[in-house]
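Engineer: Take a look at this one; I'll ask things after.
The values are calculated or read from the model by the stated rules, or taken from the named source; none is laboratory data. Computed from a predicted structure; not experimentally measured. Quick reminder, even Gly has a Cβ in these numbers, built from the backbone with ideal geometry, and neighbours come from all protein chains shown. Just so you know, the surface numbers come from the protein's heavy atoms only, side chains and all, with ligands and any DNA or RNA stripped out. Shrake-Rupley method; radii C 1.70, N 1.55, O 1.52, S 1.80 Å.
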Amino acid sequence: MQTMQMKAALPGKSRLNWTMAGLFVSIFLTQLDQTIVSTALPTIVKELHGLPLMSWVFTIYMLTSTMMMPIAGKLSDLYGRKRFYMLGLVVFILGSALCGIAQSMPQLIFYRAVQGLGAGFLIPVTYTLVFTNMPKERAGIYQTLYMGVFAVSSVSGPALGAWITEHLDWRYNFYMNIPLGILVFVAMGRLLPVTPKSDVKPSVDKSGALLLAVSTFSILLGLKLGGEGEGWMSWQVAGLLGLGLICLVAFLRVEVVSPEPILPLVMFRNRAIGGTLAATFLQGAIMYGSLIYIPLFVQGSLGGDASDTGGVLTPFMFSVMVGAAVSSSLIKRWSWRVCIFVAMLISAGGLLGMTAASLNIGAWHIRFLMILIGVGVGIMMTVGQMAVTFSADERIKGVATSSVGFFRSVGGVFGTAVMAAVINMRLVRELPAGAAGEGSAEQQIQRLLEGASASGQSAAATKEALAAAVHAGFWFLAAAAALGLVAAWWTGRSRFTDTTAEESRVDIASVG
């Protein structure tokens, strides 16, 4: 009887389709802003005179959005998802407008932080709404659309940014968010009902939220600086990591006694959630490590250019879509454990192939390896999101769902930082500073990427050294995939069932 009433309360197909369309546009905007400014940066730096601060345009957006994800997820559970979806959208639009009027690099970085805060609210609530209102009978279609939006925004960002910068102005890379954002705001204001007010005033874990934000920001920034060559024992990196660890310990102590914890530790007792989040952390390292260092191998060791890199990354992103589409069939047949195991095994095949990629590797060979990695990532991304969403109690569904993106982002930063350290150490060993009178290893790699050649023998030695270093980095990612198999085992035997789907797919009004 309860199931029949729930079905009757579900919104009509037209309303659901429009709602999903609005949510997908939100995903597109937030994901696009992670990449669209990449090709505009040289122009931005030239106009705002901020070369030393260039990397912060990316870094600050990632840091602020990541640290807000679990906090926004918890608040949406307490106060309703609609209000925090709309709040995130407003802050994101405001940040975009401010970025467009920035007159200096520090201003642009600060406004990107505002934009990242908006994305930090918008992303987790959007994912929660997508996966809790996805009809089981059309899960495959919506999963493919979800991953398609993710892939298209990632692939099209640099090209779109270049076209806008060349034909309009770099500021329109940010201004374009305003009309689309306003349109989505108006539409979703009508489509998402407001959560009825409760007589019981929610208790907010303010101390936990503050400690989580500080620990996340400090640890991620410390890892980022350490991976970029600041030196792991430098006072900046050591201080940030130390502060982050102290706040993390304090956060865990607060969460144990808090009546309404910002990140309920009890949810990790659920093997499906705990194991999946561990696998998601490792998948973040695999995905971001591959996206960053395979282009370095293509351009540095193989002598390719930007178009060659695009020829490798494009199959990767579309294979992520394929993996997402395949996952809808896998979850109906297998447990979460088997699906995650398969995802990690497929990615491991591509990663192991990269550990042995020679300087004579063909273009299609390396594309095939990227496709393997991408299919595994696509399966894991969708299975991970659904496993956590459908395994979490409705009361903590928002914070549980937001934790998936949080763990993926943290895993990505951690993985790329460790991979950078591995590659740099191997480069120092393979290519000592001052070898052949060509300067430091970093200077030799920079000249190689810029196409400036020294002697043929020196260039060949640099390419071989870089290839050996990248191979070492991919051994680290292969080890991460192996740990992913262990995480898959830990998830237990739970699986996606018709009952799970019906109980999780609640009326939009109840989660608004």
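Engineer: So D308 fits all but one of (1) under 24 Å from V410 (Cα atoms); (2) touching a helix residue (DSSP H, G or I) at 6+ places or on another chain (Cβ under 8 Å); what number is the exception?
Structural biologist: It is condition (1) that D308 fails.
Engineer: Which of (1) over 17 Å from L369 (Cα atoms); (2) in contact with a Leu (Cβ under 7 Å, 6 or more places away or on another chain) is the odd one out, the single condition I286 does not satisfy?
Structural biologist: (1)
Engineer: Has the range 59-70 got at least one residue that is crowded, with 18+ Cβ neighbours inside 10 Å, closer than 23 Å to P179 by Cβ and in the same structural domain as M188 (by the TED database)?
Structural biologist: Yes, because at least one residue in the range 59-70 is crowded, with 18+ Cβ neighbours inside 10 Å, closer than 23 Å to P179 by Cβ and in the same structural domain as M188 (by the TED database).
Engineer: Counting only residues that are modelled with pLDDT of 85 or more and among the small types (G, A, S), which one in the range 166-203 is nearest to L98 (Cα to Cα)?
Structural biologist: G181
Engineer: Another question about this same structure. Please verify whether the range 320-336 includes one or more residues that are within 17 Å of T35 (Cβ to Cβ) and in the same structural domain as W489 (by the TED database).
Structural biologist: Yes, that holds for at least one residue.
Engineer: Which numbered condition in (1) at pLDDT 80 or above; (2) open to solvent by 10 Å² or more (accessible area, probe 1.4 Å) is the only one that K7 fails?
Structural biologist: It is condition (1) that K7 fails.
Engineer: Now for a different question. Just wondering, is there one or more residues in the range 115-122 that are over 30 Å from V322 (Cβ atoms) and open to solvent by 10 Å² or more (accessible area, probe 1.4 Å)?
Structural biologist: yes
Engineer: Filter the range 499-512 down to the residues that are in contact with a Lys or Arg (Cβ under 6 Å, 6 or more places away or on another chain) and in a helix (DSSP H, G or I), then identify the one that is modelled with the highest pLDDT.
Structural biologist: Only one residue fits best here, namely A501.
Engineer: Select, from A356, A421, A400, the only residue that is touching a Gly at 6+ places or on another chain (Cβ under 8 Å) and surrounded by fewer than 19 Cβ atoms within 10 Å (Cβ to Cβ).
Structural biologist: Of A356, A421, A400, the one residue that is touching a Gly at 6+ places or on another chain (Cβ under 8 Å) and surrounded by fewer than 19 Cβ atoms within 10 Å (Cβ to Cβ) is A421.
Engineer: Inspect the range 336-344 for any residue being small (G, A, S) and closer than 30 Å to A272 by Cα and give the result as yes or no.
Structural biologist: yes
Engineer: Condition (residue is at pLDDT below 75 and over 24 Å from the mean Cα position of the chain (by Cα)) applied to the range 479-498: is it met by at least one residue?
Structural biologist: Yes, the range 479-498 contains a residue that is at pLDDT below 75 and over 24 Å from the mean Cα position of the chain (by Cα).
Engineer: Right, something else. Select, from V114, V155, V130, V149, the only residue that is within 25 Å of G80 (Cα to Cα), aliphatic (A, V, I, L, M) and either modelled with pLDDT under 90 or in contact with a Pro (Cβ under 6 Å, 6 or more places away or on another chain) (or both).
Structural biologist: V130
Engineer: Going by the structure shown, is A285 in contact (Cβ under 8 Å) with a residue 60 or more places away in the chain, open to solvent by less than 20 Å² (accessible area, probe 1.4 Å) and under 30 Å from A363 (Cα atoms)?
Structural biologist: Spelling it out, A285 is indeed in contact (Cβ under 8 Å) with a residue 60 or more places away in the chain, open to solvent by less than 20 Å² (accessible area, probe 1.4 Å) and under 30 Å from A363 (Cα atoms).
Engineer: Additional query: I'd like the full set of residues that are closer than 22 Å to R495 by Cβ and crowded, with 21+ Cβ neighbours inside 10 Å, limited to the range 288-325.
Structural biologist: Listed by number, the residues that qualify are G323, A324.
Yes/no per residue for (1) at pLDDT below 85; (2) of a type in the set (V, I, T):
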site	(1), (2)
M20	no, no
L29	no, no
T39	yes, yes
L53	yes, no
W56	yes, no
M62	yes, no
A72	no, no
V91	no, yes
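Engineer: Being touching a residue at least 60 places away in the same chain (Cβ under 8 Å) and open to solvent by less than 10 Å² (accessible area, probe 1.4 Å) is the requirement here; does A40 meet it?
Structural biologist: Answer is yes for this residue.
Engineer: Now a separate question. Quick one: which of F341, F318 is farther than 19 Å from F390 by Cβ and either part of a loop (DSSP other than H, G, I, E, B) or at pLDDT 75 or above (or both)?
Structural biologist: F318
Engineer: If you scan the range 372-391, which residues turn out to be open to solvent by 10 Å² or more (accessible area, probe 1.4 Å) and closer than 26 Å to R269 by Cβ?
Structural biologist: Within the range 372-391, F390, S391 meet the criteria.
Engineer: Against the definition (open to solvent by less than 70 Å² (accessible area, probe 1.4 Å), at pLDDT below 90 and touching an Asp or Glu at 6+ places or on another chain (Cβ under 6 Å)), how does I262 come out, yes or no?
Structural biologist: When the stated conditions are applied, I262 passes them.
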